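**Student:** Can you read through this structure? Questions will come right after.
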Amino acid sequence: MVLTSRNITVTKNVLLAILKRQSGKVEQLLHFFRPPFFYFISYKKTFMRTLLYLLLVLGLQTVVAQDHLNLDQLASFETFLKEEISNGQIAGVEAMVYHKNKIVWRTNLGYSDLNNRTPLTENSIYFLQSMTKPIMSVAIMQLVEQGRLSLDEKASAYLPGLKNLTVIDDLSTGVNGPTSKKERSITIQHLLTHTAGLSHGLEENVFDKELFKLMYNDLFDPAVYEKLEDRVAVLLQVPLIGQPGEQWYYSAATDVLALIVQEVSGQPINTYLKEHIFRPLEMNETGYNLTEDSAKRLMKVHLKNEDDILVTSPVQVPTQANTVYGGTHGLFSSINDYLQFCKMILNEGELNGKQVLQPATVALMQENHVGKLLGASRGFGLGFGVLVDTEKDPSPASNGQIYWGGFFKTHFFIDPAEDLIAIFMTQKMPNTNEYVIALNRHVYGALQN
């Protein structure tokens, strides 16, 4: 076969498909596809000879995905977690690693209620907090791929309160400080990528502290709403923190997306999620309210008291009669259920014969859509954090790893290059990253040829 421009394109696509699952090689590939390379190669070389040449040049035999896990490394992780429990850093933990289509390691340690010394059982229930956000993002993307929404569409078409928002001039002046006119409309993509200019009220500046008080009041005396519309109405009482599209700022935008799901689908948010995500994925214990039996398996939230001693929190999340079906937080789930969600994403939108999303939609969600707003090594997709350059990041993970976590120290990551999922569940506030770092270090340390 003669090497034509069409064959060059095919060759490139084949290699990109191979390298899609490898770390740090795509730029090398693209370098070789610049014209001087093809001037060097004889026009009459066959397709296969060119392909083999490139494979040899790039040394792909050294970067194939790992086939095995060294379970000793994961035993070391379990030892670390036991020490954390013994030292009073966490009450209990459940963790799981899924690799090459099977669960290769899992553990459950410690207590679900430290004050009562109740053991944490396998497949307990957890309040997901912000691990709700990726699920709501999938709901939005289902509507996008059906043509009922578009990413560049003005979100104010579904929530008019977004239209006349202004932009705060200085965060130090608080929510009532001077403002400027908004220069562009907020789109669905802005909301998915936390670039709309909305906030979550979680930063240390004056504006965020005032917003948190308005929206949530206090961790131990939380604001009570009858429905999500009421909470979003408070969010839209204050200005944006910046112009839409000009910064990444962690936000309650996913609550707005939840209302858009409700508006476009014509279904209550909880009903839509159950019908279009939870039921197809057999996530039978995921929802905004728990049955009595599931509630008995709920891990309690823990914290350090004024004497720096870990205790069960005096305030717990209600498990029944919840009517605020949030997009930012609100869902309960088990580690087995959340694995189903992650497997669907890893498997390009399909699980057990049920196509929840199309492969092209999943691929789009995993791309970085915020440029370098989060720095050189990390970006954000349509609902997930994305690792984009391991050479500029201390993480041992592969380029393309997607991830997110919750305020009570829950966390997951999906690594398509290694066919790998890891999930970490506990319930302690406030959120810090030490267990995210340890999870990545031990799991990737366990990968071996």
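Each reported figure results from applying straightforward, stated rules to the coordinates on display, with no laboratory input. Note that the coordinates shown come from a computational prediction; the quantities given were computed from them, not determined experimentally. So basically every Cβ, Gly included, is an ideal-geometry build from the backbone, and we count neighbours across all protein chains shown.
**Student:** Could you tell me which of rounded, prolate or oblate describes region 145-212, using a ≥ b ≥ c as the square roots of the eigenvalues of the alpha-carbon gyration tensor, with rounded for a/c under 1.5 and, failing that, prolate when a/b is larger than b/c and oblate otherwise?
**Tutor:** Values: a/c = 2.94, a/b = 1.93, b/c = 1.53.
Verdict is prolate for region 145-212.
**Student:** Between region 199-224 and region 236-307, what's the alpha-carbon centroid distance in Å?
**Tutor:** Between the Cα centre of region 199-224 and that of region 236-307, the gap is 17 Å.
**Student:** Further question on the same structure: Go ahead and run the numbers for FRET between Lys227 and Glu282, Cβ-Cβ distance against an R0 of 22 Å, rounding to 0.05.
**Tutor:** On the way: r = 28 Å, r/R0 = 1.29.
Efficiency, rounded to the nearest 0.05: 0.20.
**Student:** Want the number for Asp393 to Asn433: 0.36 nm per residue separation, take away the alpha-carbon distance, what's left? List each step's numbers first, then the result.
**Tutor:** Working: separation 40, 0.36 × 40 = 14.40 nm, distance 1.50 nm.
Residue separation times 0.36 nm, minus the Cα-Cα distance, leaves 12.9 nm.
**Student:** If you don't mind, another one. For Phe220 and Ser180, compute 0.36 nm times the residue count separating them, minus their Cα-Cα distance, and round to one decimal in nm.
**Tutor:** Values: separation 40, 0.36 × 40 = 14.40 nm, distance 3.49 nm.
Here the answer is 10.9 nm.
**Student:** Identify the trypsin sites (Lys or Arg not before Pro) of region 148-226 meeting these criteria: DSSP loop state and at most 16 other C-beta atoms within 10 Å of the C-beta. All intermediate terms of the calculation are to be shown ahead of the outcome.
**Tutor:** On the way: sites: Arg148, Lys154, Lys163, Lys181, Lys182, Arg184, Lys209, Lys213; in loops: Arg148, Lys163, Lys181, Lys182, Arg184.
Filter output for region 148-226: Arg148, Lys163, Lys181, Arg184.
**Student:** At a Förster radius of 45 Å, what calculated FRET efficiency corresponds to the Cβ-Cβ distance of Asn164 and Asn101, to the nearest 0.05? Mind dumping the intermediate values first?
**Tutor:** Numbers: r = 51 Å, r/R0 = 1.12.
It comes out at approximately 0.35.
**Student:** Compute the FRET efficiency between His68 and Thr271 as 1/(1 + (r/R0)^6), taking r as their Cβ-Cβ distance and R0 = 56 Å, and round to the nearest 0.05. Don't jump to the answer; show the numbers that get you there.
**Tutor:** Working: r = 43 Å, r/R0 = 0.77.
For R0 = 56 Å, the calculated efficiency reads 0.85.
**Student:** Show me the trypsin sites (Lys or Arg not before Pro) within region 71-124 that DSSP assigns to loop and that have at most 13 other Cβ atoms within 10 Å of their Cβ.
**Tutor:** On the way: sites: Lys82, Lys100, Lys102, Arg106, Arg117; in loops: Lys100, Arg117.
Answer in residue order: Lys100, Arg117.
**Student:** Work out how much length Gln247 to Phe80 would gain on full extension: take 0.36 nm times their residue separation and subtract the Cα-Cα distance, in nm to one decimal. Please report the intermediate quantities before stating the final value.
**Tutor:** On the way: separation 167, 0.36 × 167 = 60.12 nm, distance 3.73 nm.
Taking Gln247 through Phe80 to full extension adds about 56.4 nm, to one decimal.
**Student:** What is the Cα convex hull volume of region 285-331 when expressed per residue in Å³? Write out the running numbers ahead of the final one.
**Tutor:** Values: hull volume 4.4 nm³, N = 47.
That works out to 94 Å³ per residue.
**Student:** Rounded to a whole number, what is D in µm²/s for region 88-242 from Stokes-Einstein with the Kirkwood radius over alpha-carbon pairs (20 °C, 1.002 mPa s)?
**Tutor:** On the way: Rh = 18.9 Å.
D, rounded to a whole number, is 113 µm²/s.
**Student:** Please tell me which of these pairs span more than 20 angstrom C-alpha to C-alpha: Lys213/Lys300; Lys102/Lys343; Lys372/Lys392; Lys300/Lys409; Lys213/Lys296; Lys354/Lys409? Walk me through the numbers before you get to the answer.
**Tutor:** Numbers: Lys213/Lys300 24 Å; Lys102/Lys343 10 Å; Lys372/Lys392 12 Å; Lys300/Lys409 13 Å; Lys213/Lys296 31 Å; Lys354/Lys409 30 Å.
Where the Cα-Cα span goes over 20 Å, the pairs concerned are Lys213/Lys300; Lys213/Lys296; Lys354/Lys409.
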